[in-house]
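Okay, structure first, notes after.
The values are calculated or read from the model by the stated rules, or taken from the named source; none is laboratory data. Since the model is a prediction, treat every value here as computed from it, not as a measurement. Note: ideal-geometry Cβ built from the backbone for every residue, glycine included; neighbour counts use all protein chains shown. Protein only, heavy atoms only, side chains kept; ligands, DNA and RNA dropped before computing areas. Shrake-Rupley method; radii C 1.70, N 1.55, O 1.52, S 1.80 Å.
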Amino acid sequence: MKLSRQNLAKIGSAGTEIPGKKIFDLPERILQFGTGVLLRALPDYFVDRANQEGIFNGRILVVKSTSTGDTEAFNHQDGLYTLFIRGIESAVPVKQHVICSAISRVLSAASQWAEIMESAANEQMQIVVSNTTEVGIQLVKESIFQKPPSSFPAKLLAFLFERYKIFHGSSDSGMTIIPTELLTDNGAKLKSILMELAEFNKMDKAFIVWLGLRNRFCNSLVDRIVPGKPDPSAVEHLEKEWGYEDELMSVCEPYRLWAIEGDESVRKILSFYSADEGVVITPDVTKYKELKLRMLNATHTLSCGLAWLSGFKTVKSAMEDGHFESYIQNLMMDEISPAIPYHIVDAEKKEFGLKVLDRFRNPYLQHQWISITMQYSSKLAMRVLPVLFKYYELFDDPPELISMGFAAYILFMRPVKKDSDKYYGILSNQYYLINDDRAAQFYGLWDEGSIDTVVSKVLSNKELWPDDLTRLKGFPAAVAGKLKGFIRHGTMHEISAYIKPVK
């Protein structure tokens with residue numbers, strides 16, 4: 001039996017949280033760009049919780065922006081999907097399976113652009129949410145009158161212009177726009193891109209004024225580990241236990257945070273915040289952002305390639321190895337924590353770091369390291385470089401564990417095979433996909449000279465980094481030294497020789 005609206009009444013497994021019939025009659029109040037598991041497990045989850053309590057009373061129209069994949073699974077399941085929440089919360093084991101019903105429709109920008117634009121006429125639709133990865137919020141100078149435009153900002157600007165025309169630029173027709181991409185000042189950056197794109201398209205001055213004054217762009221921060229769909233054997237077991245099949249099921253941890261920058265007017269529009277303490281609306285999200293971006297995400301990014309090359313498939317398996325657990329803990333607490341480029345008291349950083357380590361140890365999550373390597377280069381630039389620069393400002397020496405993470409990145413990004421526009425590395429005679437927009441820049445790089453030359457070319461590449469990293473005293477030598485050790489002896493040998501296991 002497939003999960004669908006029609007089959008909800010037939011689901012009788014104990015403990016399953018099933019939406020009521022009235023949910024399906026609620027109006028669409030949110031336009032969401034992106035179909036990924038993080039959006040489904042965090043913003044969409046919060047909306048679903050609020051709807052169940054009769055607080056927000058609105059559903060989500062989702063735009064599938066990318067050309068890859070399709071919307072069939074969402075259509076077959078009427079937008080329904082199961083969140084399997086496993087872990088520890090306040091020292092209490094958590095095991096929940098929730099059928100979320102926040103999504104009303106999923107439309108493809110490629111084939112259903114006209115329907116998406118028609119939704120601009122919906123007066124009750126007041127909120128835009130997005131997660132298009134860090135790569136998605138970039139200025140692409142293009143016409144917004146394409147059907148559809150290629151970039152997310154251009155799609156959003158086209159939608160807002162349509163809304164402006166329909167409501168004749170009324171002051172109350174603007175949207176509250178909340179990007180969740182992991183970028184500093186993501187709301188302000190998105191607004192800046194839209195304003196520049198409007199100028200590029202030579203749009204009416206009155207529209208540009210409306211865009212800037214009547215639409216609220218909120219900086220935000222999301223935090224929840226969502227590995228996605230379980231492995232096939234686990235899926236088979238869960239579907240037997242629950243009594244239905246779900247192509248969209250996802251596993252996630254209990255911890256959840258969506259910090260949104262806003263005031264009382266934002267709270268009024270985002271009324272779903274009151275249904276769950278995981279939604280925080282605050283005048284400044286910087287503290288939440290820096291803790292998460294540096295201590296969780298930067299740690300993940302610096303560890304992912306090293307863990308993969310060391311033979312660990314999941315975060316959990318790496319945390320079960322004493323030496324690698326030590327690498328992660330020492331990296332987070334000794335090198336990243338003191339160099340967070342924002343003042344946070346040490347006690348708060350320690351408390352947050354210990355929670356992150358417990359989340360990494362969650363025995364119920366199979367968070368794949370290879371998935372964390374996606375867009376490896378941009379993640380290093382955005383999450384790690386500010387920490388590296390602050391570390392040099394404080395200590396003027398290369399951080400050993402961060403250097404080790406960079407060495408692993410260079411080794412992971414070594415393509416040995418090209419198939420069309422895809423690049424592959426090799427580990428234990430098995431190819432792995434290098435899922436990074438910058439992979440082409442590494443192809444053939446190793447043919448050009450010594451390891452020192454490779455490291456120098458990577459660290460000085462201005463297309464990868466905003467600054468020439470070879471200028472950091474001792475950093476190229478530290479990275480090259482670690483890389484040579486990895487190649488000669490293997491990554492785990494080097495980790496074991498350098499780091500003592502956690503007691």
Those residues that are in contact (Cβ under 8 Å) with a residue 24 or more places away in the chain and open to solvent by 30 Å² or more (accessible area, probe 1.4 Å), I need them from segment 322-334; list them, please. H323, Q329, N330, D334
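Which residues, counting only those in segment 406-426, are among the β-branched types (V, I, T) and open to solvent by 50 Å² or more (accessible area, probe 1.4 Å)?
Correct list: V416, I426.
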Return yes when S337 is in a helix (DSSP H, G or I), crowded, with 18+ Cβ neighbours inside 10 Å, out of contact with any helix residue (DSSP H, G or I) (no Cβ under 8 Å at 6 or more places or on another chain) and modelled with pLDDT of 95 or more and no when it is not. no
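Out of the residues in segment 341-357 that are within 20 Å of the chain's Cα centre (by Cα) and not basic (K, R), which is nearest to E253 (Cα to Cα)? Can you show your working first?
Looking only at segment 341-357, we keep the residues that are within 20 Å of the chain's Cα centre (by Cα), and these are 352-353, 355-357.
Those still in the list that are not basic (K, R) too: 352-353, 356-357.
Working: F352: 16, G353: 16, V356: 11, L357: 13 Å.
It comes out as V356.
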It is to be established whether one or more residues within segment 246-255 are open to solvent by less than 20 Å² (accessible area, probe 1.4 Å), more than 20 Å from the chain's Cα centre (by Cα) and either touching a residue at least 60 places away in the same chain (Cβ under 8 Å) or within 30 Å of L8 (Cα to Cα) (or both). yes
Note on segment 427-446: residues open to solvent by 60 Å² or more (accessible area, probe 1.4 Å) and part of a strand (DSSP E or B) are Q430, Y431, L433
Yes or no: segment 144-152 includes at least one residue that is under 18 Å from the mean Cα position of the chain (by Cα), closer than 14 Å to Q32 by Cβ and buried (at least 22 other Cβ atoms within 10 Å of the Cβ). yes
Selection within segment 374-396 - part of a helix (DSSP H, G or I) and of a type in the set (D, E): E393
State all residues of segment 32-62 that are among the hydrophobic types (A, V, I, L, M, F, W, C) and either open to solvent by less than 10 Å² (accessible area, probe 1.4 Å) or at positive phi (or both); if no residue qualifies, say none. F33, L39, A41, L42, F46, V47, A50, F56, I60, L61, V62
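Output yes when any residue across segment 218-228 is out of contact with any helix residue (DSSP H, G or I) (no Cβ under 9 Å at 6 or more places or on another chain), open to solvent by 10 Å² or more (accessible area, probe 1.4 Å) and farther than 30 Å from E17 by Cβ, and no when none is.
No, the conditions are met nowhere in segment 218-228.
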Considering only segment 72-135, give the strands (runs of 3 or more DSSP E) lying wholly within it that have at least 1 residues that are open to solvent by 70 Å² or more (accessible area, probe 1.4 Å) and of a type in the set (V, I, T). 81-89, 92-100
Which of the residues spanning segment 207-228 are touching a Phe, Trp or Tyr at 6+ places or on another chain (Cβ under 9 Å) and assigned to a helix (DSSP H, G or I)? F207, W210, L211, R214
If the requirement is being of a type in the set (D, E), within 28 Å of H300 (Cβ to Cβ) and either part of a helix (DSSP H, G or I) or open to solvent by less than 10 Å² (accessible area, probe 1.4 Å) (or both), which of these qualifies: E181, E196, E236, E241? E181
Which of the residues that make up segment 258-277 are assigned to a helix (DSSP H, G or I) and either in contact with a Lys or Arg (Cβ under 7 Å, 6 or more places away or on another chain) or touching a residue at least 60 places away in the same chain (Cβ under 8 Å) (or both)? V266, I269, S271, F272, Y273, S274, A275
Condition (residue is modelled with pLDDT under 95, more than 21 Å from A307 (Cα to Cα) and in a helix (DSSP H, G or I)) applied to segment 447-462: is it met by at least one residue? yes
